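*Asks:* Would you mind keeping the following structure in view while I ask a few things?
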């Protein structure tokens with residue numbers, strides 16, 4: 001029988017109040033976006049939280065056209081698109097979701113690659129763990145009892161969670177660390193868990209670790225990119241995309257938007273990596 005993964009929500013009911021407070025920092029819910037006046041709905045992987053907010057602001061400043069942003073896990077958005085959600089542009093953390101939507105007739109074409117993602121180990125201030133990208137200290141912490149809780153996104157539908165699992169398996173840590181894991185619904189929620197008093201650290205998106213709001217909460221180290229399958233991040237116009245969505249989609253590929261992407265560690269093959 002398949003065991004259902006438990007989140008920190010289900011394991012610790014008292015955590016719920018802290019979770020709702022954390023939404024103000026780490027989640028941009030669809031209801032919030034709906035408060036905006038007319039504008040296409042843009043669904044984006046949650047690792048884009050900070051970068052895409054800046055890009056959307058630049059687009060609005062230049063065009064006068066607003067967009068509505070909704071952040072979450074790529075797998076969940078792909079399912080919602082198939083169920084008829086009125087999303088016009090989809091920026092996925094895993095290109096396979098976009099390619100499958102295009103193959104099945106939900107998109108105008110196969111879209112465009114916009115970034116290669118990276119993952120980092122992040123530890124909050126005061127954690128007994130070290131920000132060690134080799135995960136050697138994480139292994140030691142499992143053995144000496146320093147590690148109690150460790151956060152990743154849910155690998156079942158979050159690409160960054162899947163890559164976190166792959167990196168832990170690469171280092172032979174998956175089976176040992178499994179009882180200590182808490183799962184975020186998406187990588188932004190995993191980042192909130194990892195940088196709070198509820199966990200000693202976690203594996204999250206590099207882009208989130210680079211944001212001022214998250215970097216102020218702890219320290220981080222990049223995980224070698226060959227420890228997991230590539231995070232090829234692809235975006236696409238959906239079949240129902242209108243002119244405003246098309247303009248935003250084009251803007252995201254222009255130099256001004258690329259500069260913002262690069263600031264948050266999102267690079268394309270051939271572009272210099274931020275260090």
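*Asks:* Of the DSSP beta bridges with both residues in the chain, give the percent that are antiparallel, rounding to the nearest 5.
*Replies:* Roughly 60 percent of the beta bridges in the chain run antiparallel, per DSSP.
*Asks:* Right, here's the next one. Contour minus end-to-end for residue 110 and residue 197, with contour as 0.36 nm per residue of separation and end-to-end as the Cα-Cα distance?
*Replies:* Extra length available between residue 110 and residue 197 comes to 27.1 nm.
*Asks:* For residue 213 paired with residue 142, estimate the spin-label separation in nm (one decimal), with each label point 7 Å from Cα along the Cα-to-Cβ line.
*Replies:* 3.2
*Asks:* Sticking with this structure for a sec: Based on alpha-carbon centroids, what's the gap between the stretch 206-264 and the stretch 171-201 in Å, whole number please?
*Replies:* 22
*Asks:* OK, next. Let me see the pair-distance distribution of the stretch 181-245: every alpha carbon pair, 10 Å bin width, integer percents in order.
*Replies:* Spelled out bin by bin, the stretch 181-245 gives 17, 40, 26, 15, 3 percent.
*Asks:* Give the shape of the stretch 122-275 as rounded, prolate or oblate, defined through the alpha-carbon gyration tensor: a ≥ b ≥ c are the square roots of its eigenvalues, a/c under 1.5 means rounded, and otherwise the shape is prolate if a/b is larger than b/c and oblate if not.
*Replies:* prolate
*Asks:* Helix 16-26 versus the longest principal axis of the chain: what is the Cα-based angle in degrees, 0 to 90, to the nearest 10?
*Replies:* 50
*Asks:* Then there is this: When N counts the residues of the stretch 43-127, how does its alpha-carbon radius of gyration compare numerically with 2.2 N^0.38 Å, as a ratio?
*Replies:* Rounded to two decimals, the normalised Rg is 1.25.
*Asks:* Between the helical axis of 159-170 and the dominant principal axis of the chain, each derived from Cα atoms, what acute angle in degrees is found, rounded to the nearest 10?
*Replies:* Roughly 30 degrees, rounded to the nearest 10.
*Asks:* Could you list 79, 163 so that the one with the fewest beta carbons within 10 Å of its beta carbon is first and the one with the most is last?
*Replies:* Fewest-to-most Cβ neighbours within 10 Å comes out as 79, 163.
*Asks:* Now a separate question. Going by alpha carbons, how many degrees (0 to 90, nearest 10) lie between the helix axis of 49-63 and the longest principal axis of the chain?
*Replies:* Compared with the principal axis, the helix lies near 20 degrees.
*Asks:* Still on this model: How much length is gained if the chain between residue 61 and residue 170 is pulled fully straight, taking 0.36 nm per residue apart and subtracting their Cα-Cα distance, in nm to one decimal?
*Replies:* 34.8 nm
*Asks:* Another question, then. Just to compare against my own numbers: the Cα pair-distance distribution for the chain, 5 Å bins, whole % per bin, please.
*Replies:* Result returned by the calculation: 1, 6, 13, 18, 19, 17, 12, 8, 4, 2, 0, 0.
*Asks:* For the residue pair residue 180 and residue 156, what label-to-label distance in nm results when each label sits 7 Å from Cα along the Cα-to-beta-carbon direction?
*Replies:* Once both label points are built, they end up 2.4 nm from each other.
Bear in mind these aren't lab numbers, they're just calculated from the coordinates by the rules spelled out. If you're wondering where the values come from, they're calculated on a predicted model, not measured in any experiment. Reconstructed Cβ throughout: ideal geometry from the backbone, glycine too, with neighbour counts over all protein chains shown.
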